[in-house]
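What follows is calculated from the coordinates using simple rules that are stated; it is not laboratory data. Small disclaimer: the values here were computed from a predicted structure and weren't measured. We place every Cβ from the backbone using ideal geometry, glycine too, and count neighbours over all the protein chains shown.
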Amino acid sequence: MTAFDSMAEKLKATGLYDISEGTFLYAEIAAYAAGIEIYCEILDELLREHFIATAESYGLEMYEKMLSVCNIDKSLEGRRNSIISAMSVTNSDFTKSGFEKLPGIFNIHGSFSEEAGKLKFTCTDTLSDEQRISIAEQMSVFKPCRVEFLFENN
């Protein structure tokens, strides 16, 4: 139901108003409705961009900036998955099993292996040097202090 229809229906129900086309009241309600529709569209967009599952533009950008997500997959679904993965990482995810969540943040694939004092991630995707360095820096934030983190391309 449009804003105009909603207002007209409520006013007609009182029995006090003649809201037929061509009357001043009809024109006044149409003017109000046009303004209300603009605000409704803005609020709909704001609501849509607030939730990760429905965001399409500035909502995703806001979450990516806030979480420092460096995403390889630029599709909407890839961006959404990266944000959701980033939000699932907690301060207790500094073990090898916790690190298994990290590739999902960047939409990359690979495996972790442990050596004495070292945690190594071997990436199976083709990354540019810039992407590799950026992702390695962001992943190393989660490592325990005494552990060296290595990021390798296959």
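A crude spin-label estimate for the pair Tyr32 and Lys120, with each label 7 Å from Cα along the Cβ direction, gives 7.2 nm.
Peptide packing: for 44-55, 11-22, 125-136, the average count of neighbouring Cβ atoms within 10 Å per residue gives the ranking 125-136, 44-55, 11-22, highest mean first.
In the chain, helical runs assigned H by DSSP with n ≥ 4 each contribute -39500 (n - 2.57); averaged across all residues and rounded to the nearest 500, the mean residue ellipticity at 222 nm is -16500 deg cm²/dmol. Simple rule: put +1 on each Lys or Arg Cβ and -1 on each Asp or Glu Cβ in region 45-90, find the dipole, and look at Leu76, Thr90, Phe51; the Cα lying farthest toward the positive end is Thr90. Length available on full extension from Glu61 to Lys143: 0.36 nm per residue minus the Cα-Cα distance, which gives 26.9 nm. Annotated for region 30-154: lysine pairs at least 8 residues apart or interchain, Cα distance under 24 Å, count 12. Run the paramagnetic zone check for Thr2: 7 angstrom along Cα to Cβ, then residues of region 14-32 with backbone nitrogen under 20 Å. Once the point is set 7 Å along Cα→Cβ of Thr2, 18-32 turn out to lie under 20 Å by backbone N, inside region 14-32.
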